[in-house]
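Visitor: Here it is, the structure, as structure tokens.
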Amino acid sequence: MLKYTDYDIVFSEIPGEVTLAINLSLCPNRCEGCHSPQLRLDIGEVLTRDVLSALIERFITGITCVSFMGGDNDPWALAALASSTRQAFPTLKLAWYSGCAELPSGMEPQTWDFIKLGSYIPACGSLRKPTTNQHLYRIGSDGSMSDITSIFWKGGAMG
């Protein structure tokens, strides 16, 4: 089951996109120094197709991307929700910020346009640090994953 706690329109999580970022609770990861530890809890409302569609419709004229911030507790439900969203809103890009080190076995990367993988490790820093263990990938139509993390670093360029 997927539950969301809140959402916001953001400009930096997915480079070049105006993103509706939806925070998902029930996070199974226990990253030290997590910026949103409340997302570990069983809080929020169930995120269904209808609820998500209503949220997107509310902001559709101002967004280019929808990003799910979490969802590691039920990645297959999240992938199904992303697929139905792509069918209903084919012009929107879809992103997933996961705390896992890799995609679940068998998940097709092309479900997404962008995927952030990696837990937060304080000593390594966030995506904005060249020492980060986290990576943001742009997904090709063939499922190829291009690491574009360096765009977050001062002087970085899209890869």
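The values are calculated or read from the model by the stated rules, or taken from the named source; none is laboratory data. Bear in mind that the values here come from a model prediction, so they are computed numbers and not experimental data. Cβ atoms come from the backbone with ideal geometry, glycine included; neighbour counts cover every protein chain shown. With ligands, DNA and RNA removed, areas are computed over all heavy atoms of the protein, side chains included. Shrake-Rupley method; radii C 1.70, N 1.55, O 1.52, S 1.80 Å.
Visitor: Using the heavy atoms of the protein chains alone and a 1.4 angstrom probe, what is the accessible area of the chain per residue in square angstrom?
Guide: With all protein chains present, the chain gives 51 Å² per residue.
Visitor: 222 nm [θ] for the chain, helices only, -39500 (n - 2.57) per DSSP H run of 4+, per residue, to 500?
Guide: Helix contribution divided over all residues of the chain: -5000 deg cm²/dmol.
Visitor: So if we plug the beta-carbon distance of residue 32 and residue 12 into 1/(1 + (r/R0)^6) with R0 = 30 Å, what FRET efficiency do we get, rounded to 0.05?
Guide: For R0 = 30 Å, the calculated efficiency reads 0.85.
Visitor: With a 1.4 Å probe and all protein chains in place, put 93, 3, 154 in order of accessible area, largest first.
Guide: The ranking, largest first, comes out as 154, 93, 3.
Visitor: So, with +1 on the Cβ of K and R and -1 on the Cβ of D and E, and no other charges, what is the size of the charge dipole of the chain about its Cα centre, to the nearest 20 debye?
Guide: The dipole of the chain has a size of about 340 debye.
Visitor: Could you check how much of the accessible area of the stretch 1-129 is carbon and sulfur, as a whole percent, using a 1.4 Å probe?
Guide: Ligands and nucleic acids excluded, carbon and sulfur reach 53 percent.
Visitor: Further question on the same structure: Which cross-chain or sequence-distant (5 or more) residues have an amide H under 5 Å from the amide H of residue 65, H modelled 1.01 Å from N in plane?
Guide: 18, 20, 93
Visitor: For the peptides 59-67, 94-102, what is the packing order when you average, over each peptide's residues, the other Cβ atoms within 10 Å and list the highest mean first?
Guide: Going by the mean number of other Cβ atoms within 10 Å, highest first, we get 94-102, 59-67.
Visitor: Moving on to the next point. Compute and list, largest first, the equivalent-ellipsoid semi-axes of the chain from the alpha carbon gyration tensor, each √(5λ) rounded to a whole angstrom.
Guide: 22, 19, 15
Visitor: Estimate the FRET efficiency between residue 60 and residue 151 by the formula 1/(1 + (r/R0)^6), using the beta-carbon distance for r and 30 Å for R0, to the nearest 0.05.
Guide: The calculated FRET efficiency here is 0.70.
Visitor: Now for a separate question. May I ask you to order 68-76, 22-30 by the average number of other C-beta atoms within 10 Å around their residues, highest value first?
Guide: 68-76, 22-30
Visitor: With point charges of +1 on the Cβ of Lys and Arg and -1 on the Cβ of Asp and Glu, referenced to the Cα centre of the chain, which listed residue (27, 124, 61) lies farthest in the positive direction of the dipole?
Guide: So the residue we want is 124.
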